[in-house]
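The values are calculated or read from the model by the stated rules, or taken from the named source; none is laboratory data. Keep in mind it's a predicted model, so treat the numbers as computed, not measured. Please note: Cβ atoms are built from the backbone with ideal geometry, for glycine as well, and neighbour counts cover all protein chains shown.
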Amino acid sequence: MEYKDYYLTLGVAKTASEDEIKKAYRKLVRKYHPDVSKEADAQQKTQDINEAYGVLGDAEKRAAYDELGRGHQYRAGQEFRPPPDWGRGFGGAGGPGAGHPGGGFGGPDSDFFSDLFANFGGGARRRQAPQRGDDSHASISIDLADTYHGATRTISLMVAERDAQDRIVTRERNLSVNIPKGVTAGQQLRLSGQGQPGAAGPGDLYLEIQFRPNSRYRLDGRDVYQTVPVAPWELALGGEIEVSTPSGKVNVTVPAGSQSGRKLRLRGRGIPGKEAGDLYLLLEVVLPPADSEQARQLYQTMARELAFNPRAGG
């Protein structure tokens with residue numbers, strides 16, 4: 001079988017700290033998670049990433065893996081077979097004392113992973129206290145209206161578990177998630193006990209909030225920028241217009257003589273919170289089409305009598 005370079009999989013140096021490895025893992029698992037990635041091989045990449053972190057994220061497994069690499073100078077893709085005496089000195093004859101292959105991370109088809117850690121925990125293994133399962137990370141996409149009013153959404157996650165033959169398999173799990181009012185882009189929701197299983201209980205699931213793209217809105221923290229179409233006479237003459245905003249319909253006064261691109265501020269109507277953001281309405285002029293004889297005559301009259309040149313002085 002081929003040797004796997006777990007450092008290469010996570011994109012970190014062999015001297016990377018525990019924190020650097022964890023950050024690299026979280027970044028990659030968010031990028032390639034099948035629930036959010038559009039890449040065809042996202043599920044396989046996620047399994048490879050989880051498998052690599054299952055080793056490098058565990059101090060004893062990493063030490064044994066590094067010792068194997070130092071002693072035999074394996075490279076990614078090279079033919080590999082663990083030496084008979086591998087693992088001695090790392091928590092007993094069988095290896096560094098991890099209770100099972102991959103701690104719930106490895107893929108079901110990873111011969112390299114299975115052979116590498118098949119005998120972990122054998123012989124005179126050190127006794128370790130039961131470990132809590134690892135935390136999981138994913139993202140959830142919501143509409144802007146969800147943060148104004150709160151919502152409940154159902155997400156599908158791919159989770160790793162052991163089957164009756166003690167093999168690591170993946171399955172789909174549906175989870176109902178409460179979206180609290182006032183969440184912002186990049187914020188993480190913690191779902192206690194919904195992470196990876198462990199002897200001392202499951203870890204937690206962290207969901208990163210993402211907003212679905214919407215051409216009408218632009219977000220800046222808790223501030224919301226909304227494009228509002230207006231007619232030429234509404235800009236020129238001014239007056240009150242009705243606007244549908246994420247928090248509901250409001251009446252807004254357009255000052256006479258406004259130009260397209262003018263910004264109107266509605267204080268406190270951005271994303272809710274202890275300090276709510278503001279809503280900025282960006283006025284955008286929309287011209288009536290000259291698709292009838294009457295419309296063409298009106299445009300011709302304006303062109304003739306107003307004598308307006310928008311490029312004058314430019």
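Tabulated values for the structure
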{"item": "Filtered residue count, the stretch 16-48, keeping only those that are of a type in the set (D, E, K, R) and within 14 Å of SER136 (Cβ to Cβ)", "result": "4"}
{"item": "Wholly enclosed helices (runs of 4 or more DSSP H) of the stretch 10-93 bearing at least 3 residues surrounded by fewer than 14 Cβ atoms within 10 Å (Cβ to Cβ) and at pLDDT below 85", "result": "59-72"}
{"item": "Residue count for the stretch 184-198, restricted to those that are assigned to a loop (DSSP other than H, G, I, E, B) and either closer than 30 Å to VAL224 by Cβ or within 19 Å of the chain's Cα centre (by Cα) (or both)", "result": "8"}
